[in-house]
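A short worksheet on the structure shown next.
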Amino acid sequence: METAIENKTTTGKANLEVFSSTLQELAAADRNIVVVTSDSRGSGKLVPFGQNFPEQIVEIGIAEQNLVGVASGLASAGKKAFAVSPACFLTARALEQIKNDVAYSDNPVKLVGISAGVSYGALGSTHHSLHDYAVLRAINNITIVAPADNYETVEAIKLAADLKKPIYLRFGKKNMPDLQAMDQRFELGKGRVIREGNDAAFIATGETVYPALQAAKKLEEENNIRATVISMHTIKPLDYELVAAVANRCNAIITVEEHSVNGGLGEACSSFLLQNGILKPFKIVGIPDEYTVTGSQNEIFNHYGISGTGLAATALELIKKIN
């Protein structure tokens, strides 16, 4: 029987903590790195940053539109501005500023959505960011990244700091394990192969990569089914070459995301495959078009099948349709 703690991880730090420590290392060597927060230095793990670099942090208060505007101004003046705010507010309240002040104006702001997806748990739908991939994918000139583990987070922050284009980085709250990927490189716009197999493929992003890996291990141990697992950390630009390669050699494709099933990773992959005539059994696993159930992140994941048990069952059901 599936439990509410199936996805609980303790082997690594929360990506947010790694974000904070990495940013401090960079700020010590580069005074152009500036953090702009919307009364979120606590939830963003940025209290130590403020203590160590008081002249490199700007507190805007609960005013997300101003947050993005100020960060855009700083970026236009040569600062490496990280605008940090809860993802649910950053990509909703300040969407117009992201569209115009950041993307349209080509200001290289590093937008950091914290406590993303359903990280806020029982605070409910008002505090969940299940729309951010969808709305940002529809805006030109912005890269969208959701690191899956501490390694990907470190590399993403380092690359973002020197990136000359707008970028959105998405972080959750729970501890993340080392995925021990087959492919240890990290490049924006290129997915990472975590595990290989030809029977099925899980294309996952962010904090859903680990349950996808759990599912792949479960399928091999219990059903002798070998599944590929991809960490598709960059939602935009999507690694279409990898999506095509995986789809061509695997019998079934399951995408996994801590986001609405509408407008996110799954729809990006399915649109590409359909338009290129690559037709395979395909399933998008995410949050359905409804207000989420109340509970912790783990409880919500398990309810919607974003767990080792749930994803393994989804893969088996898809594979049965082939046979």
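Throughout, read-outs are computed from the coordinates displayed, never taken from laboratory work. Computed from a predicted structure; not experimentally measured. So basically every Cβ, Gly included, is an ideal-geometry build from the backbone, and we count neighbours across all protein chains shown.
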- Query: Taking Cα pairs under 8 Å and at least six residues apart, what relative contact order does the chain come out at, in percent?
  - Reply: 18 percent
- Counting helices only, and only those DSSP H runs with n ≥ 4, report the 222 nm mean residue ellipticity of the chain as the sum of -39,500 (n - 2.57) divided by its residues, in deg cm²/dmol to the nearest 500. -10500 deg cm²/dmol
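Rounded to the nearest 20 Debye, what is the dipole magnitude of the chain about its Cα centre when Lys and Arg each give +1 and Asp and Glu each give -1 at the C-beta?
Details: 30 positive and 35 negative charges, 78 e Å.
It works out to roughly 380 debye.
Place a +1 charge on the Cβ of each Lys and Arg in region 192-322 and a -1 charge on the Cβ of each Asp and Glu, then give the dipole magnitude about the Cα centre in debye, rounded to the nearest 20. Can you show the working numbers first?
Working: 11 positive and 15 negative charges, 83 e Å.
It works out to roughly 400 debye.
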- Note on the structure: With the label point 7 Å along the Cα-to-beta-carbon line of LEU279 and a cut-off under 19 Å to each amide N, the hits in region 295-318 are 318
- Once normalised by the length of region 15-170, the mean sequence separation of its alpha carbon contacts under 8 Å that are 6 or more apart gives a contact order in percent of 24 percent
- Calculate, in whole percent, how much of the Cα-Cα pair population of region 15-170 lies beyond 28 Å. 9 percent
- In a Gaussian network model of the chain with springs linking alpha carbons closer than 10 Å, the residue among THR255, THR234, THR292 that fluctuates most is THR292
- If R0 is 41 Å, what FRET efficiency do you get for ASP106 and ARG226 from their C-beta distance, rounded to 0.05? 0.40
- Task: Please list, or write none, the lysines whose alpha carbon is within less than 22 Å of the alpha carbon of LYS236, excluding same-chain residues fewer than 8 places away.
- Result: LYS80, LYS99, LYS110, LYS158, LYS164, LYS165, LYS190, LYS283
- Message: Sorted from largest to smallest, which semi-axis lengths in Å does the alpha carbon gyration tensor of the chain give for its equivalent ellipsoid, taking the root of 5 times each eigenvalue?
- Response: 33, 20, 18
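In a shell of Cβ-Cβ distance under 12 Å around VAL209, excluding VAL209 itself, what net charge do Lys and Arg (+1) and Asp and Glu (-1) give? It would help to have the intermediate numbers written out before the result.
On the way: positive: ARG192, ARG195; negative: ASP149, GLU152, ASP178, GLU207, GLU257, GLU258.
For residues surrounding VAL209, the net value is -4.
How large is the charge dipole for region 15-170, taken about the Cα centre, if only the Cβ atoms of Lys, Arg (+1) and Asp, Glu (-1) carry charge, to the nearest 20 debye?
Numbers: 13 positive and 15 negative charges, 43 e Å.
Magnitude of the dipole: close to 200 debye.
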- Message: Taking 25 Å as R0, compute the FRET efficiency from the Cβ-Cβ separation of GLN51 and SER76 and round it to 0.05.
- Response: 0.35
